[in-house]
Amino acid sequence: MLTNNYRIQRLRLSRLLLVQAARHPSPRIIRTLAFLSVTRTNDVARWKSGALVAAVFALHMVVGFVLYRGRVVSHWWISDTDLVVFAAPLLAAAAGYHYAFGHLRTVGRIFATLVFVAVSTYCCLFWSFNTYGT
């Protein structure tokens, strides 16, 4: 009996657990399954975020290019103001990027939004200005 008590104390086992069958998975298994589910969720969020970022980037490029073309070549009445041609696509892209980076924390979300808005605005204006001039 002394050996059994020593073994129970050394392995930190409960006497009740030795008699009963295991009903639930061990905490180690639960931690492993939780890690796998979080990893899959993060992977899905990254794929969705990447697809949304690409879609917002492409939409910002096309809308900015079309509005600038309407201002320079076609002389649309809606494109007479700089607010419509430059600020509206920029604000729409900022809202789209902010939504796309929803899985990030607040500071990272704002920083990523600002960086991607700056890059897509630069690319949009570079494409428009080089095609139709300033």
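None of the figures in this text is laboratory data; all of them are computed from the coordinates on show. These numbers come from a predicted model, not from an experiment. All Cβ positions, glycine included, derive from the backbone under ideal geometry; neighbour counts span all protein chains shown.
Assorted remarks:
- Phi-based couplings in Hz for region 118-134 (Karplus 6.51, -1.76, 1.60; Gly and Pro marked x): 5, 5, 5, 5, 4, 5, 5, 5, 4, 5, 5, 5, 6, 7, 10, x, 9
- FRET efficiency for the pair residue 119 and residue 95, taken as 1/(1 + (r/R0)^6) with r the Cβ-Cβ distance and R0 = 22 Å, rounds to 0.85.
- Region 58-134: trypsin sites (Lys or Arg not before Pro) in DSSP loop, at most 14 other beta carbons within 10 Å: 105
- Computed label-point distance, nm, for sites residue 59 and residue 107 using a 7 Å Cα→Cβ extension: 3.0 nm
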